[in-house]
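Please read the structure below before turning to the comments.
The values are calculated or read from the model by the stated rules, or taken from the named source; none is laboratory data. Nothing here was measured: the structure is a model prediction, and the numbers come from that model. In this analysis, Cβ positions are derived from the backbone assuming ideal geometry, glycine residues included, and neighbour counts consider all displayed protein chains.
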Amino acid sequence: MTNHSGRSSAPKKARWTTAKKAEVKKGPKKPHRGQTARPYDDRAPQSRQDRPARREFDRDDRPQRRFDRDERPARREFNRDDRPQRFDRDDRPQRRFDRDDRPQRFNRDDRPQRFDRDDRPARREFDRDDRPQRRFDRDERPARREFNRDDRPQRRFDRDERPARREEAVEVPVTIADDNGFAALGLPAPIVARLARDGITAPFPIQAATIPDALAGKDVLGRGQTGSGKTLSFGLPMLTRLAAGERAKPNKPKALVLVPTRELAMQVSDALQPLVHVLGLSHKLVAGGMPYPPQLMALEKGVDLLIATPGRLNDLIERGAVQLDEIDIAVLDEADHMAEMGFLPEITAILDLIPAGGQRLLFSATLDRGIDTVVERYLTDPVTHSTDEATASVATMEHHILLIEPMHKKVITAEVANREGRTVVFVRTKLGADRVAEQLREQGVFAAALHGGLNQGARNRVLGAFRDGKLPVLVATDVAARGIHVDDVSVVLQVDPPADHKDYLHRSGRTARAGDKGTVVTLALPHQRRGMERLAREAGLETVPTRALPGDDVLAATGARTPTGVPVPEHEFRRLLEGEKRQHRRPGGPARPRGQRSGFRAPRY
C-alpha cells in the first residue's frame, strides 16, 4: 500500500532503543510509591500481525493554517508624524540665567593703574658726546713691546745637551774582551756585544760544542740535561745564518723552531727576542690558546723566524697562512717530550713539507719514543754532541726521600714549601694541583696551581708572577712543568712520587740550572718505599728513604719552616689569577663608577 507521496504505508519494524534494551536486561522497574508495576508482557513490543493498522493520513484532510493571507488583519499603519514627540524644542525651559542677570566681568579699564605714564619720572637724557672717552687712544696707548726671537730664553736643554731617550740610554757601547768565549766561536759582533751587555761571556759546554758545527751548516743532534743552555745552542747559529741571507717573504718564513708547549715557546721567544732585534730580523710566536688575528697579520707581513707548537702550526698550514717551502733551518727542541705528548705524526707531517737539503737541528734528552726514527729519516750525517749524561745533574743537588704517614702529608708539605726562595711542587693530576695549592694557602703559604685546565691568560699570569718573585710557590703537573724555565728555583718538592727515574730527573732539572745548587725533596708513603729505592738506584742517587714527622730535624735539614697558619686572603689569589681590572676613563673626566652607564649609544653601521 502506498500513499499519495509514493511511499509504502506498510507498518515499520519496531526498533528497540539502547535504553530500552538496558531496561529489559535489568528486569522490572521498581514502581514508585502509590504505583503498581505493569506486567512484563505488557511492555514487550508487539509483532507486525498484532500491531493495529496505521492510520491513513491524507494531506488534504489536515486542517488549514489558522490564518490565510487574505484573512489576517491588516498591518497597522504607523505614521511617524503621529508618534509622540519626546521633547519639543519650543516647550523646553529657558536657560537658568540670562546674560543680563549674570555678574559683570572685570573691566580692565576699572582696575587701578600701577603706574601712570604721565606720573613716572622723565627718562634721563644721555648724550653720546657726554660719555667718557676710552681710556687709551691709539696714539696714547703704550708702544708694543718689541720682542726679539734671539733675546728669548733658550730651552732648558739644547738638543745636544738633552738626555738621550731610554732606548738610546740602553744602547751603551760594550767593550768585548779578548777572552770572550762567544767571539771565539765565530759569532758576529752585534750578538757578542748584546750577550756581553747581559753578562753572558762564557758559553756552556753544550754551546761550545754545537755552535761551530751549526754555523758550518751541518745537521746537529744535541743531547744534554735540562737547563744546560740548549736554547742559545741552536738560537745563536740560526740567527747568524738568517742575518746573512735574504729577508722572508709574506707567509714564507725562513727558519722554524718546534717546541712541545706554549710555555716553552714563550721561553724560547723571550730568550731570542733581544738578539733578533739587534740583527734587524723579525720573529713570531704561534701557539694554541692565543688569538689568531695577530699571528695571521704577522705572517702576512713576513717573519724570518717562526716559533710554533705542532698543533697550531698544522692549523695555520691548513688555513694557507704558512708555507714551509722556503724553510732553510728547522729546529726540534725537547723532541722526546713532543713524542711523549703524541705529536710525532704532526712532526713528521711538518718535516715532510720542508724542502730537502736544509739544515736540521734536533735537541732531546733521550732518543726513545720514536725520536731515533726521526733522526734516521730527516737528519743527514748528524754531528752528535752529548756533553752531559742525564744523571750528571744529580751531583749539584741535595736529594731527600722522606717516608711520612698519610695524616702528616699536608703539614709536611706546607713546612717544606715555606722555605726561602722559589719552590716548585709536583703533583700527578690537575685536581691534585688545585687541592694542594688550596691547602698551602689555608696554612699561610702563598701558592697557585699551573696545569692544562687553566686558560692561557691565567697560565701566563701565574707563571709571570712566579718568575717575578710575587708567587713563591708553584704547584704544577708534569706536562705544565715542561715550560717552566725559571732561574733561582731553590727547591723541587715532589708530593706525588714520579713514575720512573726519567721523570725524576726531569722534575729535578727545574732546580740547579746552569750549574747552580738546588734541593730535591720527595715525599713517599710507607707502601711506596720499595719503588722509591729502585727509582733512586736507576737515577744514580745514593740517598736512602728516611722517616720524618712534622717539626723533625730531618725536615730542618731541607730548610723547612713552620708556616704562620694564617690563611692567604682569597682576594689576593683572585687578583693574581684574574689580573688587575682596568677602569676605562672618559676623555677629559674621571673614571665612571662601575654599574653607571652613559646615555650615549654608539651608532650601528
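Values computed for the structure shown
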read-out	value
Of all residues making up region 341-387, the number that are polar (S, T, N, Q), out of contact with any Phe, Trp or Tyr (no Cβ under 9 Å at 6 or more places or on another chain) and within 22 Å of residue 312 (Cβ to Cβ)	1
Inter-residue pairs, beta-carbon under 9 Å, first on the phi > 0 side of the Ramachandran plot and in region 15-34, second part of a helix (DSSP H, G or I) and at pLDDT below 75, 6+ apart	27/40
Residues located in region 304-337, provided they are touching a Ser or Thr at 6+ places or on another chain (Cβ under 9 Å) and assigned to a helix (DSSP H, G or I)	335, 336, 337
Set 414, 480, 395, 458: member being part of a helix (DSSP H, G or I), under 22 Å from residue 546 (Cα atoms) and at pLDDT below 90	395
Output for region 300-339, where each listed residue is in contact with a Lys or Arg (Cβ under 6 Å, 6 or more places away or on another chain), in contact (Cβ under 8 Å) with a residue 40 or more places away in the chain and more than 21 Å from residue 235 (Cα to Cα)	323
Filter pass, residue 577 being modelled with pLDDT under 90 and not in a loop (DSSP other than H, G, I, E, B)	yes
Selected residue (criterion: surrounded by the most Cβ atoms within 10 Å (Cβ to Cβ)) from residues of region 461-476 that are assigned to a helix (DSSP H, G or I) and without any contact (Cβ under 8 Å) to a residue 60 or more places away in the chain	466
Of the criteria (1) surrounded by fewer than 15 Cβ atoms within 10 Å (Cβ to Cβ); (2) within 32 Å of the chain's Cα centre (by Cα), which one residue 347 fails	(1)
Residue count for region 350-381, restricted to those that are part of a loop (DSSP other than H, G, I, E, B), under 34 Å from the mean Cα position of the chain (by Cα) and touching a residue at least 40 places away in the same chain (Cβ under 8 Å)	3
Restricting region 521-559 to residues that are modelled with pLDDT of 90 or more and in a loop (DSSP other than H, G, I, E, B), the residue that is surrounded by the most Cβ atoms within 10 Å (Cβ to Cβ)	548
Conditions (1) under 23 Å from residue 211 (Cβ atoms); (2) under 26 Å from the mean Cα position of the chain (by Cα); (3) of a type in the set (Ser, Thr, Tyr): number failed by residue 261	(1)
Selected residue [polar (S, T, N, Q), modelled with pLDDT of 70 or more and either in the same structural domain as residue 367 (by TED's automatic domain parsing) or more than 30 Å from residue 239 (Cα to Cα) (or both)] from 154, 207, 133	207
Filter result for residue 217 (out of contact with any helix residue (DSSP H, G or I) (no Cβ under 7 Å at 6 or more places or on another chain), surrounded by fewer than 18 Cβ atoms within 10 Å (Cβ to Cβ), modelled with pLDDT of 90 or more and closer than 25 Å to residue 269 by Cβ)	yes
Residue within region 240-248 that is at positive phi, assigned by TED's automatic domain parsing to the domain that holds residue 379 and surrounded by fewer than 20 Cβ atoms within 10 Å (Cβ to Cβ) present	no
Meets criteria (over 19 Å from residue 344 (Cα atoms), in a loop (DSSP other than H, G, I, E, B) and basic (Lys, Arg)) for residue 247	yes
Pair list, Cβ < 6 Å and 6+ apart or interchain, from region 417-433 residues that are closer than 16 Å to residue 508 by Cβ to residues that are in a loop (DSSP other than H, G, I, E, B) and of a type in the set (Lys, Arg)	424/510
Some residue of region 280-288 being under 22 Å from the mean Cα position of the chain (by Cα), surrounded by fewer than 23 Cβ atoms within 10 Å (Cβ to Cβ), without any contact (Cβ under 8 Å) to a residue 60 or more places away in the chain and part of a helix (DSSP H, G or I)	no
Set 336, 270, 368: member being among the charged types (D, E, K, R), under 29 Å from residue 246 (Cβ atoms) and at pLDDT below 95	270
